[in-house]
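One structure is given here, and the rest of the page talks about it.
Readers should treat all values here as calculations from the given coordinates under stated rules, not as data from a laboratory. The model shown is predicted, which means the values in this text are computed figures rather than measured ones. Cβ placement follows ideal geometry from the backbone for every residue including glycine, while neighbour counts extend to all protein chains displayed.
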Amino acid sequence: MKCQMCENPATVHLTDIGPGKKRELHLCAGCAQARGLVPEQPGGQLNLKALLSLLTGAFGGGKGDRAARRAETCAVCGLNLAEFKAHGRFGCEHDYEALRAAVEPLLERVHRGTAHCGKAPRALRVLAWKQQMQDAIAAENYEEAARLRDLIRKAES
Amino acid sequence: MKLDALLPNLGEWLRGTGPESDVVLSTRVRLARNLSGLPFATRAGPQHRSEVVARAKEAIAKATDGHKLEYFDIPSMPTLDRQFLTERQLISRELAGSEGPRGVAFDATETASVMVNEEDHLRLQVLRSGFALDEAWADIDRLDDALEARLNYAFHTQFGYLTACPTNVGTGMRASVMLHLPALGLTKQIEKVFRALQKINLAVRGLHGEGSRAFGDLYQISNHVTLGKSEPKLLSEIREVIVTILQYERQARAALLKERKQAEHDRAARALGTLSSASMITAEETMEHLSAVRLGVHLHLIENVPITAINQLFIHTQSAHLQKLAGHPLGGEERNAARAKYLKAKLRELGARQ
């Protein structure tokens, strides 16, 4: 039997029997380890959390979804969706984009929102003020435009 | 600044003088920030971590926002000192116990601190006495600006400040208020309050944060959501809830005073008696009694014990503090004896009486 993730022979076989259904997972040692299913050192316990997330996760045993998996891996730090699901931590700032398809529903569940509205770094704040100043000038609201001009000057000095 | 110099001191946040300080001990606001271009903690090697430390130290040294922060290296710090800083709420247990280059910078008043290489590259914190969400936010906002002027933060136009854990993304802000709720505990209403809090998405924890038990009727209440709402909005949501809890606690205190003043006086007096005469006492028992005394003081059943002193004893009777005072490590029983001795001496100094 071949590994469901790659072409190597599967040596790790997991069966999850739930109410009314049974799911099986067949992986090679390398893929199982890479997904945090078995510890690197011998003698450890199965990582139940990683297992659950794999069994219930987006990718099943289907063929030809290697491209999909590649799309779910961060090109910068190499974190993939399964690792993220197992540990719940991002590896770098680019993961939010790389795993966006999974991140957005998660954020919606945790925060009941997916878009930040709050403080931003100074450079972005200045950009926003510049836009607002242009709008104020267009609307002939010179008082507001002058206030924004002063803010921008202060931030840029 | 030498760490030992902090020992007899009291962080500003423990003065017990801030607004609503009969119920609110302190207010804390923290911001999670990461540096752009460097991997987060789980993917960072020693070189990356050293790079984070180097950049952070430089920015901290040059930041002039009013708080003069001094940096302390954690790996070269003895275990006891790390525990000491944890007890003073300046670092987390995670920062004390993890591996690799990391550290903390804080000011002499222990108001502002910056942890470096905790779960995120930077964890800024401001601690204030009493109920002071706006002041704490204004303070940390300034500190954040000062650091940001010299650091390139990881920021996303949609997701906001990017953090290692998705539960912190967006504002990266966690505001938490430490409450002393003995009367709600005594009148068995506390569980009800907490069930209500969880429903509206606020988290409740003990004195030392996640997973710690609520000894001495001390509870930390904090926001859970960090994304989708602005900092002032999040703060106002917490404020609203805290104000309600304050009212409940005060009502419960008034009821205790009205219905069983004698019994409450007795309870506080016995607690003070135990604290000032025991020859061995555990940290848990100490906190339970200190809680009773603190309530007794606020109900005007006990005189001559300043609240600041009680607040101080909550922190100074913890094990690393006692061991630093002793000047050497102490075993469990020795600690209990040292704690009793310290309490006896302090309370005698105050001339406490019921």
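Among B:LEU299, B:LEU127, which comes first, then next, by fewest other beta-carbon atoms within 10 Å?
Starting with the residue having the fewest Cβ neighbours, the order is B:LEU299, B:LEU127.
Go ahead and estimate [θ] at 222 nm for chain B from helices alone: -39,500 (n - 2.57) per DSSP H run with n ≥ 4, summed, over the residue count, rounded to 500.
-15000 deg cm²/dmol
Rounded, prolate or oblate: pick one for chain B, where a ≥ b ≥ c are the square roots of the eigenvalues of its C-alpha gyration tensor, a/c under 1.5 means rounded, and failing that, prolate if a/b is larger than b/c, else oblate. Walk me through the intermediate numbers first.
Values: a/c = 2.24, a/b = 1.43, b/c = 1.57.
Here chain B falls in the oblate category.
Just tell me which lysines come within less than 30 Å, Cα to Cα, of B:LYS199; anything on the same chain fewer than 8 places away is out.
A:LYS49, A:LYS85, A:LYS119, B:LYS188, B:LYS229, B:LYS233
Helix B:190-199 sits at what angle to the longest principal axis of chain B, using alpha carbons and giving 0 to 90 degrees rounded to 10?
With both axes taken from Cα atoms, the answer is about 20 degrees.
If the cut-off is a Cα-Cα distance under 27 Å, which lysines reach B:LYS2, setting aside same-chain residues fewer than 8 apart in sequence?
Straight-distance partners of B:LYS2: B:LYS57, B:LYS62, B:LYS68, B:LYS324, B:LYS341, B:LYS346.
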